[in-house]
Amino acid sequence: MLDLILPPRCAGCGRAGFLVCPVCTALLRGVPSPRPPENPPPGLPECWAAAEYAGAVRRLLLAFKERGRVALGPQLGGCLAASVAAALGESRRALELVPVPSSPAVTRRRGHDPVRGMAAVAVRDLRGSGWPVTLAPVLRQRRRVADQAGLSAPERAANLAGGYVVSSGRVRPSGCPTAVLVDDVVTTGATLAAAAAALRAAGVRVPIAVTVAATRKRVTATRHARDDQNLVRDPR
């Protein structure tokens, strides 16, 4: 409603006149590529993303997830669709996009399930390009899990182990299409690994996981910081 009444401002940088300005759109779209986390947990599918979870991209996702900017769904879902297409090439095989679910309590607090919303847009966009793809919201949380914020990689893995289950009767274990896991961000990979384990337990093949963004690896961040220091010492 506010986006309709008030002049929009880019959720990434605040520029007037845009939901997402061209500069932030370019950051969001990026170049889809494999972006595995450091020390990926066992069972993690190959992870693809187009953007780094920082700066404007981080602000866009938080605005969509936590601040009710649901009008950002088409841009974020379009980013997912582009990454799915890049990850799977020209095969145009039958796909089921499986969103990683939020807990019922978090969904009620936010007023929507952001990952499911982005996945629905991605399905629409891929179908428009000729992909035989369907939305398959078949996962649910088996038990309550702690907030992941601030947890280390081993703590995240332990927190989520066995945390997801496939709803009875919602997938076809024999002859089912390829399942592509969808989430907003990959950090340690614990969430995606736990979700993939639940699908595999139901007999579903899960070769790929696609997210909007991936956190920067610490090794890369350290190298960038070191390069910046060298530039200060030697401006050449």
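The values are calculated or read from the model by the stated rules, or taken from the named source; none is laboratory data. These figures come from a predicted structure and were not determined experimentally. Positions of Cβ are generated from backbone atoms using ideal geometry, with glycine treated the same way; all protein chains shown enter the neighbour counts. For the accessible areas, the whole protein counts, side chains as well, though only heavy atoms, and no ligand, DNA or RNA atoms are used. Shrake-Rupley method; radii C 1.70, N 1.55, O 1.52, S 1.80 Å.
Remarks
- Among the GluC sites (Glu not before Pro) within region 23-54, those in coil by DSSP and having at most 14 neighbouring Cβ atoms inside 10 Å are GLU38.
- Exposure of TRP48 as accessible area (Å², to 10), given a probe of 1.4 Å and all protein chains: 40 Å²
- Relative contact order [Cα under 8 Å, 6+ residues apart], region 23-68, whole percent: 40 percent
- Exposure of CYS13 as accessible area (Å², to 10), given a probe of 1.4 Å and all protein chains: 80 Å²
- For region 4-101, convex hull volume per residue from C-alpha positions, Å³: 134 Å³
- Residue-wise HN-Hα couplings along region 50-58, as the Karplus relation 6.51 cos²θ - 1.76 cosθ + 1.60 with θ = phi - 60° gives them from phi, are 10, 9, 8, 7, 6, x, 5, 5, 4 Hz; Gly and Pro carry x.
- ARG92 accessible area, assembled protein chains, probe 1.4 Å, Å²: 90 Å²
- The slack between VAL70 and ARG9, meaning 0.36 nm per residue of separation minus the straight C-alpha distance, is 20.6 nm.
- In this structure, ASN39 and ARG200 have a Cβ-Cβ separation that, at R0 = 30 Å, corresponds to a calculated FRET efficiency of about 0.90.
- Normalised Debye scattering of region 91-139 at q = 0.14, 0.19, 0.23, 0.29 Å⁻¹ gives log10 I(q)/I(0) of -0.38, -0.61, -0.78, -1.03, counting only Cα atoms as equal scatterers and leaving out solvent.
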